[in-house]
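Below: one structure, written as structure tokens.
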Amino acid sequence: MKKKILIVANWKMNPPTSSEAEKLFAGVKKLDAVICPPFCYLDAKIWSSGAKFTLGAQNCHWEEKGAYTGEISPKMLKSMGVKYVIIGHSERRAHFKETDEMINKKLKAALKFGLIPILCIGEKKDKDAEIVVDKQLKEDLNGIIEKDVKKIVIAYEPVWAIGTGNFCDSQKAKKALRWIQEKTSNKVLYGGSVNSKISTDYTKVGFDGLLVGGASLNAEEFIKIVKNAQH
Ligand code: 13P
């Protein structure tokens with residue numbers, strides 16, 4: 001049986017208005033994919049009618065509720081119909097100083113509230129890949145019981161390949177996939193400058209799917225990526 005490929009769109013802090021978000025939702029609503037819009041567009045009114053995609057979020061806090069101004073809890077996400085949550089994206093690690101310790105707490109909280117975490121790992125310079133991936137996996141998954149670890153989707157996103165157009169060659173990415181597979185039996189996605197021309201290169205070398213940034217903001221391009229993965 002052909003394995004099911006998981007395609008996830010990370011819209012990051014885009015698009016800038018709710019009317020543009022509605023248009024983008026309308027363009028992708030028939031897709032079998034996970035869409036992770038900004039929190040403010042998670043409201044069912046703008047996407048729900050006839051949508052086939054699954055909803056994801058881009059981050060969450062580790063507490064259920066409380067005095068954490070500006071934060072969103074995993075319980076809140078669950079109550080909004082969200083199924084997946086991206087945790088530990090390199091942009092959060094870099095701009096918001098998220099540490100592996102914080103990421104570990106977020107993973108535990110997301111799992112506790114029944115969300116599927118998409119844990120992002122990846123190196124800044126390609127020569128450090130194995131060491132960084134190893135360290136992040138060890139620290140991020142620390143203390144999570146095996147049964148729960150299995151539920152986590154891992155996204156290998158080399159930082160230098162994100163938003164640069166300088167994607168990681170699929171053979172090089174395959175090496176990182178092997179290192180990850182030596183340590184876990186989880187689903188592994190590739191992310192970093194994916195477009196419809198190269199998207200199947202990664203699934204051909206064994207990745208279970210893709211985490212798509214920039215190309216997911218163009219409905220036509222994203223549809224191509226999802227369709228390519230399904231054929
Ligand atoms: P780009 O596809 O824009 O490189 O972004 C990748 C990414 O960060 C997805 O989480």
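For this structure, a couple of remarks:
- Residue check for Phe25: over 22 Å from Val188 (Cα atoms) and surrounded by fewer than 19 Cβ atoms within 10 Å (Cβ to Cβ): no
- Criterion (modelled with pLDDT under 95 and out of contact with any strand residue (DSSP E or B) (no Cβ under 7 Å at 6 or more places or on another chain)) met by exactly one of Lys150, Lys125: Lys125
- Taken together, the residues in segment 78-103 that are within 24 Å of Thr54 (Cα to Cα) and touching a helix residue (DSSP H, G or I) at 6+ places or on another chain (Cβ under 8 Å) amount to 7.
- Residue match in segment 185-197 (condition: part of a helix (DSSP H, G or I), of a type in the set (Ser, Thr, Tyr) and either farther than 17 Å from Asp126 by Cβ or over 17 Å from the mean Cα position of the chain (by Cα) (or both)): no
- Test: residue in segment 141-159 that is part of a helix (DSSP H, G or I) and open to solvent by less than 10 Å² (accessible area, probe 1.4 Å): no
- Scope segment 148-157; condition of a type outside the set (Gly, Ala, Ser) and within 10 Å of the ligand (Cβ to nearest atom); matching residues: Glu157
- When segment 160-179 is limited to residues that are open to solvent by 30 Å² or more (accessible area, probe 1.4 Å) and small (Gly, Ala, Ser), the one that is farthest from the ligand (Cβ to nearest atom) turns out to be Gly165.
- Residue count for segment 162-212 satisfying the condition of being among the aliphatic types (A, V, I, L, M) and touching a Pro at 6+ places or on another chain (Cβ under 7 Å): 0.
- Pairs meeting the criteria (first residue in segment 98-120 and closer than 18 Å to Val132 by Cα, second residue part of a strand (DSSP E or B) and among the hydroxyl-bearing types (Ser, Thr, Tyr), beta carbons under 8 Å, at least 6 apart or on different chains) are Ile118/Tyr84.
- Candidates are the residues of segment 44-98 that are surrounded by 12 or more Cβ atoms within 10 Å (Cβ to Cβ) and β-branched (Val, Ile, Thr); the one that is nearest to the ligand (Cβ to nearest atom) is Ile86.
- Lys183 being without any contact (Cβ under 8 Å) to a residue 12 or more places away in the chain and more than 9 Å from the ligand (Cβ to nearest atom): no
The values are calculated or read from the model by the stated rules, or taken from the named source; none is laboratory data. Here the structure is a predicted model, which is why all the values come from computation and not from measurement. Glycine also receives a Cβ, built like all others from the backbone with ideal geometry; neighbour counts cover every protein chain displayed. Surface accessibility is based on the protein's heavy atoms, side chains included, excluding ligands, DNA and RNA. Shrake-Rupley method; radii C 1.70, N 1.55, O 1.52, S 1.80 Å.
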